[in-house]
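Below is one structure, written out as structure tokens; the observations come after it.
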Amino acid sequence: MPRKPPISNERSQAYATRIEFCRVFAENMDNLHLLSFLLTADLAKAEECFVSGLENCVEGTYVFRDWARYWARRTIIQNAIRMLAPSKNHSTVADVTSDAVGCSAGRTQDTDYAIARILRLEHFERFVFVMSVLEKYSDQDCSVLLGCSRQDVGETRMRALLHLAEPDRLRTVAPSGCDSSDPEEAQTPEVQLEPQS
């Protein structure tokens, strides 16, 4: 009976090792943690999602070395989906404090503002937005991972984009009935509107 040839050293070197996955998580810690936070909208859950993502990757995952970074991000997304089970029919808005946003991002004020707006989306909208817009997943991939139709993904992405765009549009348009002759006053609304939940 013919014996199977042993796995060549060359072939085994094509796969990412535990050490390489640890390196991917270490080198991309801020970005991977931010991804976890944008999906879960909770610092404790984001940390849990990040740590379990690392554990999942190093526990014998056979992934080509070139795909290790992509696989790490995908694992975090899958863990966040398991944790929150976002659904089109049952979606809530996360209660996120401004301290959590500033603490997690620590970047610029504009970045913190953008993150805060994303976190105010309903769970399902947030997952679709992060996956399809920020992570550039196809509608098919999103629908498979989220357990919904491609049409649901497209409609939800559009709704999320409208929710994210609306506050800026309202902020730059003068309030109706503004009869001021001062151009600066006409350009600045009297009341700053909060992003819609």
The range 132-163 and the range 31-91: distance between their alpha carbon centers, rounded to Å: 17
Given H placed on each backbone N at 1.01 Å, which residues far from residue 15 in sequence or on other chains put an amide H within less than 5 Å of it? 65
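The numbers here are math on the coordinates, done by the rules we state, and not lab data. On a predicted model such as this, the values are computed, not experimentally measured, just so you know.
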